[in-house]
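Structure first, commentary second.
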Amino acid sequence: MTHAAPLVEMRNISISFGGIHAVDDASIDLHEGEVVALLGHNGAGKSTLIKILSGAYKRDAGEIFVNGEEATINNPRDAKKYGIETIYQTLALADNVDAAANLFLGRELRTAWGTLDDVAMESETRKVMGRLNPRFQRFKEPVVKLSGGQRQSVAIARAIHFNARILIMDEPTAALGPQETAQVGELVKQLKDDGIGIFLISHDIHDVFDLADRVCVMKNGQVVGTARTEDVTKDEVLGMIILGKCPPGAIPGPGAMRDAA
Amino acid sequence: MSDATTHAPADRARASELGPVARFLKATELDTRMLGMVGALILIWGVFHVLSGGLFLTPRNLWNLSVQSSSIAVMATGMVLVIVTRNIDLSVGSILGFVGMIMGVTQAEIMPAIIGFGHPAMWLIAAFVGLVVGVSIGALHGFIIAYLGVPAFIVTLGGLLVWRGAAWWVTSGRTVAPMDATFRLMGGGPDGAIGSTWSWVVGIVACVAVIVMLMNARAQRKRFNFPQRPLWAEGFLGTLVCAIILGAVAVANSYAWPIGIVRRYYEALGQEVPENAFIAHGIAIPVLIALAVGIAMTFVATRTRFGRYVFAIGGNPEAATLAGINTRWVTMKIFMLMGGLAAIGAMISTARLNAATNAQGTLDELLVIAAAVIGGTSLSGGVGTIAGAMLGAVLMQSLASGMILLGVDTPLQNIVVGLALVVAVWLDTVYRRRIG
Ligand SMILES: Nc1ncnc2c1ncn2[C@@H]1O[C@H](COP(=O)(O)OP(=O)(O)OP(=O)(O)O)[C@@H](O)[C@H]1O
Ligand SMILES: [Mg+2]
C-alpha cells in the first residue's frame, strides 16, 4: 500500500429522493489518521452522503474506493467488512433491548454451542462503556429508558468496539453534556493516533474546527469546497457554509459560488 | 479516560425507598406482569370453582383444560414472534385446517394403499408431511410479506380464505377418519398420556433442570463479577418453581382412568381386576408437546441470534437493518416457523378429534392472537414472552371451559371472551404506563 492512496475516496457521488438531489456529484476523501469535518446547513446532504458510504443508501452514481481499490458497498454489512463503522445521527439503536445487545447487534458473541453469550457480551460492554461513560450503570435496561446522552454513549461504544479503520460520526455529541463532549473530543484524538480515519459531521463549525485536519463544506447537496484547517479561518469556513463562497485557501467543489467577484 | 467502572458513583436516578413487597420483587427479579397474569388465572379458577359448586378445580377438569389449551398454546408461541416484529398472522386457523386435512388424507387414504394400514411409521410420515406443508405455506406467506412488501395483514387475510378453501378442496368437504392409532396419541386420552411413573420422572427431571439452570446462571454472573440475586431469593425461586412442577404432576397423576378402560386393560393382560384399581392418566402427550415447544421457543427467542434479531427488528426495524441484519430473511423465517407450529397444532387437534374436518381450526387465529396479546405481547412491537403467551392460552381456555361447565350459552361465551380480551389489553396498557 502506498501512502498516497487515501483510506477512502468517494468520487462523484449522486443520489436523489424523488425530485430532490440530496447529494449531487460530491467527491471527498479521507486518509489514515486524519479527521475530516463535514460541515453544512441542515439538509445540506451530509448524512445522506455518509449513509452511502455506510451502506444504508444505494447511490445513483459515483464510485467508492477503499485503499485505492474500488469497493462494492450495497448494504451495511458490506461497509462493516471494509472496517467502516458509523454512529448515525439518529443513533439507530434497537430501543427494546439492552446496551450489550445493541453493542453487539449483528455481531453477537456466541458460546461453544452457538447460543448467545450474554454474560461475555455484558462484560465487554461494561469495559467499553467504562471508557466512555464511567458512571453508566444501567446495563440491564432497554436503551429506550436511557437518557439521550447515555444512548449516544452506547452508539459510540458500538462504533469503536469493533476495530474500525474508518469511523463516521454523524453529530456524535448532539445530546452530550460539556464533560462528555470533551471526552468524545479526547476519544477522537486517541483514535486518530491509532491511525483511524474519521469523518466528523456537524453543522456547527465550533464543535469540530480544532479537532479536524481538513474541513469539507456542503450546501444543497453539493460540495462547496475542501480545505486544510491551517489554510482557512473559521470566518472563511462560515462563509462557505452560509454563502457557498470558496476562499483562496480551499479547493473549490461543484457547489462553489461561480460568479465570485 | 480511565477504567473507572468500579469507583465512579452510579449514574442513575435516586432510587425511592422500597417497601417490603417491592424489595422482595426486586431481589427475586420476578416479572410483576407475569405475576399479575398468574393472579388473574387463579382468580378465574377460583370463581369458576365456586360457581360450579366445586367442579372446576378437580384433576379431571384441570387435566382436560391442559389438553384443550395445547394446540392454541403451541401456535401462540409463534404468534409472539410474529407480533413482536409488528406483523400479524390471521391465517393460522386455516393453515391448521388445511394441514390437518393433508395429514388425515395421508394416513387414512394415500399411505395405507402404499405401505399398508397400521404401518408403524405411518404417524411419522403423516407428521412429516404435515410439517413440510405447514412450513412451506409459512415460507410462501413470509416471502410475499418480506420480499414483495405486501403487508402481513393482507397476505394472511388472503391466506385465511385460501387455505380454508383449500382444506375443503382436498376431499370436497368430506371428513377424513379414523386417524392412525399411534398418531392419535398426540391428542391425549387415556392412552395418550404417559402414566404416573413417567410423569414423576418428567417432573423430577424438570426440577433438576431448573436448579441446574439457576446455579449455572449464578456461576456465570460470578465469573464476571456482576451483581447477583441474594441467596435466599434464589432458593425461594427454585423451591417455588419445583413446587409448581411437582404439584402439576400430582394433579395429573390423581386423574384416574375410567373404570371401563381399567377393566379392559386388565383383561388384555389376562388378570383379575384388583379391588380399588387405580390407574392414573399422568401428563397428557399433547401437553408434553406443548411444553417442549414452549421450551424450544423460549430458547430460540432468548438464546439464539435469530431470537435477538426478532426483538431488535421489533424495537427498531431501521436500526436492525443498519446493524447489518438481513431483516427480510428473518421475517420470512418467522412465518416459516409459524407455519410449522400451525402444523403441530393441526397434529394435536386432528389426533384429539380422531378425524380431519374442513372446519377444523376455524377462528383459532383469533384465539391464538388473543392468547399472545393477553400474555403481554405488544401490538406495537418489540415486546413479548413465550411463557406469557402460553399462560394466555391457558387463561383463554379456562374462560371457555369454565363457561361450558356452567352451561353458559355459546353466544354469551363469545361475549365474555371478547370482553375479557379488551379488558386484559386495557389493564396491560395501564400497567405499562405506570410501571413498564
Ligand atoms: N430517506 C429520504 N427520503 C427522502 N428525502 C430524504 C431522505 N433522506 C434525506 N432526504 C433529503 O435529503 C436532503 C439532505 O438530507 P440530509 O439528512 O443528508 O441532511 P444533513 O446535511 O444531514 O442535515 P442535518 O444537519 O439536519 O442533519 C434533505 O433535503 C432531506 O429532506
Ligand atoms: Mg444529518
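No value in this document is a laboratory result; all are computed from the given coordinates. Everything numeric here is computed off the predicted structure, so don't read it as measured data. Neighbour counts are summed over all protein chains in view; Cβ atoms, including those assigned to glycine, are modelled from backbone coordinates with ideal geometry.
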Rounded to the nearest 10 degrees, the helix B:92-105 long axis (Cα) sits at an angle to the longest Cα principal axis of chain B of 30
With label points set 7 Å from each Cα along the Cα-to-Cβ direction at residue B:41 and residue A:72, the distance between them in nm comes to 5.2
So residue B:246 and residue B:432, fully extended at 0.36 nm per residue minus their Cα-Cα distance, gain in nm 63.7 nm
Once both label points are put 7 Å beyond Cα along the C-beta direction, the residue A:210-residue B:222 separation in nm becomes 5.0
quick shape note, chain B: Cα extents on principal axes in Å, largest first -> 78, 61, 45
Over its alpha-carbon atoms, chain A yields an Rg and a Dmax in Å of 18.7, 70
Placing each pseudo-label 7 Å from Cα in the direction of the beta carbon, residue B:239 and residue A:27 end up separated by a distance in nanometres of 7.7
At the level of C-alpha centres, the distance separating the range B:333-363 and the range B:45-121, in angstrom, is 6
Averaged over the residues of B:303-309, the number of partner chain Cβ atoms within 10 Å of each residue's own Cβ comes to 5
Per principal axis, largest first, the Cα atoms of the range B:46-182 extend in Å by 53, 46, 25
On each of the three principal axes the extent of the alpha-carbon atoms of the protein assembly as shown, given in whole Å and largest first, is 112, 61, 48
Per the range A:98-162, sqrt(5λ) over the Cα gyration tensor eigenvalues, sorted largest first, in Å, gives 20, 11, 10
The alpha-carbon center of the range B:138-183 and that of the range B:305-319 are separated, in whole Å, by 27
Under a Gaussian network model of chain B whose springs join Cα atoms within less than 10 Å, the largest fluctuation of B:185, B:322, B:288 belongs to B:322
Residues other than residue B:261 with Cβ under 13 Å of its Cβ, Lys/Arg counted +1 and Asp/Glu -1, net out at 0
The FRET efficiency for residue B:113 and residue A:17, from their Cβ-Cβ distance with R0 = 56 Å and rounded to 0.05, is 0.35
The Rg/Rh figure for the range A:1-116, Cα atoms and Kirkwood Rh, to two decimals is 1.03
If the chain between residue B:328 and residue B:136 were fully extended at 0.36 nm per residue, the gain over the current Cα-Cα distance would be 67.5 nm
Around residue A:214 (Cβ within 12 Å, Cβ-to-Cβ, excluding residue A:214; K/R +1, D/E -1) the net charge comes to -4
Summing +1 per Lys or Arg and -1 per Asp or Glu among the other residues with Cβ less than 10 Å from residue A:163's Cβ gives -1
